[in-house]
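Derivation of every value follows stated rules applied to the coordinates shown; laboratory data play no part. Keep in mind that this is a model prediction, so the values were computed, not measured. Here Cβ is always computed from backbone atoms with ideal geometry, including for glycine, and neighbour counts include all displayed protein chains.
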């Protein structure tokens with residue numbers, strides 16, 4: 001049988017011609033996950049796109065790659081557009097990729113923004129609703145996967161910083177369709193049984209899809225309704241999820257959440273030391289002040305030489321006593337003089353003085369001074385006082401002067 | 001289960017109170033001496049609590065009736 005024998009090159013060129021002639025292969029869009037990604041120094045990108053069952057070799061030349069709006073990474077789901085053709089040297093067909101977008105992320109962003117807007121309008125991000133964290137949490141509930149690195153990172157930091165705490169791990173799935181329901185249920189469960197003073201809800205880093213459970217409104221509502229304060233700890237620093245907005249505190253990473261959750265024992269020991277010092281300083285100051293006061297008192301004359309002090313005070317007392325006596329004397333002399341003056345005045349007016357000049361005073365037996373003849377009747381006995389004695393007499397006659 | 005946390009928290013709160021009132025200096029000397037003694041004991045007991053504490057880690061599982069059950073969780077090799 002006569003058969004044309006082709007060179008490899010001829011065959012590959014033939015196949016290439018066939019493929020290039022097929023309009024369905026010259027402009028194709030394909031969905032897949034990036035693997036074996038390599039960026040060559042030439043600026044060309046080489047990678048494989050795959051789904052569950054198959055793989056497709058791809059190349060993206062520098063000129064097209066420069067227009068990419070993201071940095072391709074292994075594991076990323078993308079939609080690649082280009083033509084399928086043969087690379088004759090290897091005899092392999094591949095996708096010559098002219099453009100590429102991330103798959104689904106655009107939709108996720110839209111969904112994220114939509115949910116954020118809705119929950120914000122409902123007040124779920126209201127700063128006034130945020131609860132303060134306990135200063136010294138006795139029990140910390142960690143809601144995350146028990147398998148991931150995140151839980152170990154957190155436990156390591158909690159153990160180092162504040163070993164006085166108890167940790168209760170509530171294991172949940174943190175990605176996939178079941179995750180949001182499990183996370184929300186664990187938050188509600190911890191609240192129902194009051195399992196912790198503080199909750200950390202989160203997971204380690206991953207793609208936007210991996211973190212998607214924390215953008216679920218069930219999780220958002222569960223965090224909002226939690227009576228126990230919640231720290232959200234999802235992914236890496238730049239990842240922000242709905243949970244971060246609702247939580248009482250957002251941590252950049254799970255490790256960061258562990259740091260924010262508890263005080264640092266080194267700082268606490270330092271603070272204990274400084275309180276010790278502060279107490280000693282305060283007490284010393286008070287003691288010093290008391291000692292100074294004591295010194296002032298002991299310098300006082302009363303305490304320095306009690307005898308001399310008493311003598312001095314006694315002298316003072318004597319002085320006061322003599323001043324008192326002098327004052328009393330002076331007062332007495334003044335009173336005496338006034339008395340003598342009064343007596344001599346009285347003497348000048350004395351009836352005895354009048355009698356000595358020859359006058360007599362007549363009185364009734366009862367002692368009433370007789371000033372008028374009408375006071376007596378003839379035959380009545382009266383008394384007459386003279387300067388040197390008294391007479392008893394009887395009235396023999398009464399004659400009233402005519403006035 | 002660590003029991004020290006509550007004591008630690010109360011001790012810290014009391015200590016802060018003691019330091020504040022001693023620093024204000026408006027308590028009589030005799031009272032200050034008592035506060036100093038109390039404070040020094042609190043500092044020692046807080047340090048001891050920190051020294052002796054060991055983070056307790058439990059995994060919460062659910063009993064058939066839905067109530068929580070604590071299980072050991074081995075996180076250290």
request  = Under a 10 Å cutoff between Cα atoms, tell me which one of A:67, A:323, A:381 has the largest fluctuation in the Gaussian network model of chain A.
outcome  = A:381
query = How would you rank A:19, A:349, A:100, going from fewest to most other Cβ atoms within 10 Å of each one's own Cβ?
reply = A:349, A:19, A:100
key: Approximate spin-label separation residue A:366-residue A:395, in nm, with each point projected 7 Å along Cα-to-Cβ   = 1.4
ask   = Tell me, in nm to one decimal, what length is gained between residue A:300 and residue A:260 on full extension, where the rule is 0.36 nm per residue of separation less the Cα-Cα distance?
value = 8.4 nm
key: Label-point separation in nm, residue A:62 to residue A:25, each point 7 Å along Cα→Cβ   = 2.8
Estimated FRET transfer efficiency when R0 is 45 angstrom, pair residue A:309-residue A:346 (beta carbons, to 0.05) = 0.25
Helix B:4-24 axis, angle to chain B major axis (alpha carbon atoms, nearest 10°) = 20
query = Angle between the Cα long axis of helix A:105-121 and the longest principal axis of chain A, 0 to 90 degrees, nearest 10?
reply = 20
query = At what distance in nm do the modelled label points of residue B:54 and residue A:6 sit from each other, each positioned 7 Å from its Cα along Cα→Cβ?
reply = 7.5
key: Compactness relative to 2.2 N^0.38 Å, alpha carbon Rg of segment A:171-323   = 2.34
ask   = Cα axis of helix A:265-298 to longest principal axis of chain A: angle in degrees, 0 to 90, nearest 10?
value = 20
inquiry  = In segment A:205-240, whose amide N lies under 19 Å from the spot 7 Å out along Cα-to-Cβ of residue A:133? List them in ranges.
reply    = A:205, A:223-240
query = Which whole-number percentage describes the relative contact order of chain A, with Cα contacts under 8 Å and a sequence gap of 6 or more?
reply = 9
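For residue A:209 and residue B:20, FRET efficiency with R0 = 56 Å and r from the beta-carbon atoms, rounded to 0.05?
0.60
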request  = Please find the FRET efficiency linking residue A:289 to residue A:318, where r is the Cβ-Cβ separation and R0 is fixed at 45 Å, and quote it to the nearest 0.05.
outcome  = 0.70
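Restricting to segment A:1-128, compute how many DSSP beta bridges are antiparallel as a %, nearest 5.
Of those bridges, close to 95 percent are antiparallel.
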The protein assembly as shown: translational diffusion in µm²/s, Stokes-Einstein, Kirkwood Rh over Cα pairs, 20 °C, 1.002 mPa s = 63
